[in-house]
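Trainee: Below is the structure I would like to discuss, written out as structure tokens.
The values are calculated or read from the model by the stated rules, or taken from the named source; none is laboratory data. Keep in mind it's a predicted model, so treat the numbers as computed, not measured. Please note: Cβ atoms are built from the backbone with ideal geometry, for glycine as well, and neighbour counts cover all protein chains shown. Remember, those area values only see protein heavy atoms, side chains included, never the ligands or the DNA or RNA. Shrake-Rupley method; radii C 1.70, N 1.55, O 1.52, S 1.80 Å.
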Amino acid sequence: MSAVESKLCSLLLQEHYGEIVDRVGTFLIRTGNQPLRVIANETGTSLDQVKKALCVLIQHNLVTYQLNKRGFVEYKAHVDRFLRILRYPRYIYTAKTLYGDTGELIVEELLLNGKMTLSAAVKKVADRLTETMEDSKSMEYSEVSATFTHLADTHFVQRCPTVQEKDATEGRPPLAPTLQMNEKEMYIVPKLNMTGRGKRRRSSDDDDGGSQAKRPKKEAEDSQDDGVYWQVNTERFHQHFRDQAIISAVSNKMDQTSSEIVRTMLRMSEVTTSSSAAYTQPLSSNEIFRSLPTGYNISKQVLDQYLTLLADDPLEYVGRSGDSGGGMFVINLHKAVASLATATLESLVQERFGSRCARIFRLLLRKRHLEQKQVEDFAMVPAKEAKEMLYKMLSQNLVSLQEIPKTPDHAPSRTFYLYTVNTLPCARMLLQRCYKTVANLIERRQYDTKENKRLLEKSQRIEAIIASMQATGAEEGQLQEIEEMITAPERQQLESLKRNVNKLDASEIQVDETIFILESYINSTKTKAG
């Protein structure tokens, strides 16, 4: 693992979980599997604080534990899961797009808490939705529960592994509990009798006497699904992101109807195809025709023409796998992801070195191996410029040079020098640059916020005063007087800071989209090799 990844993980941990969790997590990332005592000694942190930090990391699925052969428990950090923290806003936004505000809040609560029972998640989300409604309205638990079931049915949320039950006759308990996952029950939502509505927060709710009376009833409700915890299935979200990228690429290359056909094929096989599969399940032309969205008026004959066109396209996103049922078709997921990664690399070359360099780069991708003279002729670029551009890309490791000697002595006059593009090393290099970019963006945002800390605190205090005065029915003149405590230059400075922070946040999300495509491509090559 590179130093850039380690630094980015550290920044993400510090921002989301605080300094102590960052210290423990970063130590595990840099040193690998370690037992509790070693973590405490090497980080200079008390044993109690290390335990709490590990609890937080395990709760959020960032660290796992295992029993060492020597008989002690060691903890392991998962770098890929640390880096997924970057993608949390995208997960939440996708849930909102697919399942509305309720879906958004369910996914947000699960990401905030790591793991939750269905009853706890439903109550929390219902309360939060009720807070945003008018005074006379409230959200029913059954509505939230129905949305949760939809998320589970489409595999966006899944059950957490449960502790394996041991026989009582086995003597002393094991050093570490063994977790097991029943794959058949992974997406089955327990049937709970949840009746009620979301509650608004009242000051009287904090009163001890009231809470004592309500506690036994609350415990009885929670015991219905006690021990069945749920978490966000990030792999399923990644599958959705990949599918959307493929649909967008088909739409740009061909037309809207082609992208709708591909969308239908992906939707039909989204639950049955694993996230690492190279192809979707084979689908017949008749099945695709029946599953097209209602109101999409294209005849069976036109659909067959489109499918033939997609199967014959050089991109090879869609492939033919048989002739039964009007023709069997699959989507070549690995080829599609490779094509998206290649387009990303082409875009990088175009932005950094200009359109002529991009032309040479595309030429090398298509022809695989070319001599310098051939590059000049095919790209129609003058010899001097072609040489400069090739060496510029060679110095940035975007292009590589392969020597093929005619004789054993490797004499330059009797050796072919072929330029080529190795897509996988290029993708890995660009991925590291993306990690560095995100780390720089986070550091810049933290610096800007720190520099304006006093002004931000003043603004928050004034906002709190205004909110409390509005609640007590203060006059407009009094509110205006409080607002004027922030001067015009300070207000301008605040606006500028908000604008800059928003730009940095948006840039982080955009860079993460590139990271996702490159990671998907690199992982697909690992699957092929495996």
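Trainee: Quick one: if you stick a label point 7 Å off each Cα along the C-beta vector at residue 286 and residue 498, how many nm between them?
Mentor: 6.0
Trainee: Counting heavy atoms of the protein chains only and a 1.4 Å probe, report the per residue accessible area for the chain as a whole number of Å².
Mentor: Heavy-atom SASA per residue in the chain reads 56 Å².
Trainee: If you don't mind, another one. Once label points are set 7 Å from the Cα along Cα→Cβ at both residue 49 and residue 300, what is their separation, rounded to one decimal in nm?
Mentor: Taking the two extended label points, one gets 7.2 nm.
Trainee: Let me ask another. Would you tell me the accessible area of residue 433, worked out with a 1.4 angstrom probe on the heavy atoms of the protein chains, in Å² to the nearest 10?
Mentor: About 80 Å², rounded to the nearest 10.
Trainee: While we're on this one: What's the carbon and sulfur percent of the chain's accessible surface, probe 1.4 angstrom, rounded to a whole number?
Mentor: Within the chain, the accessible surface is 49 percent carbon and sulfur.
Trainee: Go ahead and run the numbers for FRET between residue 355 and residue 522, Cβ-Cβ distance against an R0 of 35 Å, rounding to 0.05.
Mentor: 0.80
Trainee: Please return the longest stretch of the chain lacking exposed loop sites, where chymotrypsin sites (Phe, Trp or Tyr not before Pro) count only if DSSP places them in a loop and at most 14 other Cβ atoms lie within 10 Å.
Mentor: 297-530
Trainee: Same structure again: Sorted by packing (mean other beta-carbon atoms within 10 Å per residue), highest first, where do 490-499, 420-429 land?
Mentor: The densest-packed peptide leads the list: 420-429, 490-499.
Trainee: Could you order 195, 344 so the one with the most accessible surface comes first? Probe is 1.4 Å.
Mentor: Largest to smallest exposure gives the sequence 195, 344.
Trainee: Same structure, new question: Excluding same-chain residues fewer than 8 positions from residue 76, which lysines have a Cα within less than 20 Å of its Cα?
Mentor: Within the straight-line limit of under 20 Å, residue 76 reaches these lysines: 7, 51, 52, 115.
Trainee: Roughly how many nanometres apart are two label points built 7 Å out from the Cα toward the Cβ at residue 509 and residue 428?
Mentor: That separation, rounded to one decimal, is 3.2 nm.
Trainee: Mind checking the full-extension length gain between residue 309 and residue 188? Use 0.36 nm per residue of separation minus the Cα-Cα distance, one decimal, nm. Show your work: numbers first, answer last.
Mentor: On the way: separation 121, 0.36 × 121 = 43.56 nm, distance 3.99 nm.
Using 0.36 nm per residue and subtracting the Cα-Cα distance, I get 39.6 nm.
Trainee: So, one more: How much FRET efficiency would the formula 1/(1 + (r/R0)^6) give for residue 112 and residue 406, where r is the Cβ-Cβ distance and R0 is 51 Å, rounded to 0.05?
Mentor: Approximately 0.20, to the nearest 0.05.
Trainee: How far, in nm, would the chain grow between residue 374 and residue 447 when pulled straight, counting 0.36 nm per residue and subtracting the alpha carbon separation?
Mentor: 21.3 nm
Trainee: Right, next: What 222 nm value per residue comes from the helices of the chain, counting each DSSP H run with n ≥ 4 as -39,500 (n - 2.57) and dividing by all residues, nearest 500 deg cm²/dmol?
Mentor: -20500 deg cm²/dmol
Trainee: So what are the ³J(HN,Hα) numbers for segment 425-440, from phi and the Karplus equation (6.51, -1.76, 1.60; θ = phi - 60°), rounded to whole Hz, Gly and Pro as x?
Mentor: x, 4, 5, 5, 5, 5, 4, 4, 5, 5, 4, 5, 4, 5, 4, 5
Trainee: Moving on to the next point. Work out, step by step, the length gained on full extension between residue 414 and residue 19: first 0.36 nm times the residue separation, then minus their alpha carbon distance; give nm to one decimal.
Mentor: Once the chain is fully extended between residue 414 and residue 19, it gains 136.1 nm.
Trainee: Within segment 1-25, what residues put their amide N at less than 15 Å from the label point 7 Å along the Cα-to-Cβ vector of residue 59?
Mentor: Those under the cut-off are 16-22.
Trainee: Could you go through segment 255-268 in sequence order and give the Karplus-derived ³J(HN,Hα) for each residue, using 6.51 cos²θ - 1.76 cosθ + 1.60 with θ = phi - 60°, rounded to whole Hz, and x for Gly and Pro?
Mentor: 8, 5, 5, 4, 5, 5, 5, 5, 4, 4, 4, 5, 5, 5
Trainee: While we're on this one: How long are the three semi-axes of the equivalent ellipsoid of the chain, in whole Å, if each is the root of 5 times an eigenvalue of the C-alpha gyration tensor, listed from largest down?
Mentor: 46, 32, 29
Trainee: Using Stokes-Einstein with the Kirkwood hydrodynamic radius over Cα pairs, what translational diffusion coefficient do you get for segment 1-146 at 10 °C and a viscosity of 1.306 mPa s, in µm²/s rounded to a whole number?
Mentor: Translational diffusion coefficient: 93 µm²/s.
Trainee: Also: Taking the Cβ-Cβ separation of residue 255 and residue 276 as r and a Förster radius of 30 Å, what is the calculated FRET efficiency to the nearest 0.05?
Mentor: Efficiency computed from Cβ-Cβ geometry: 0.50.
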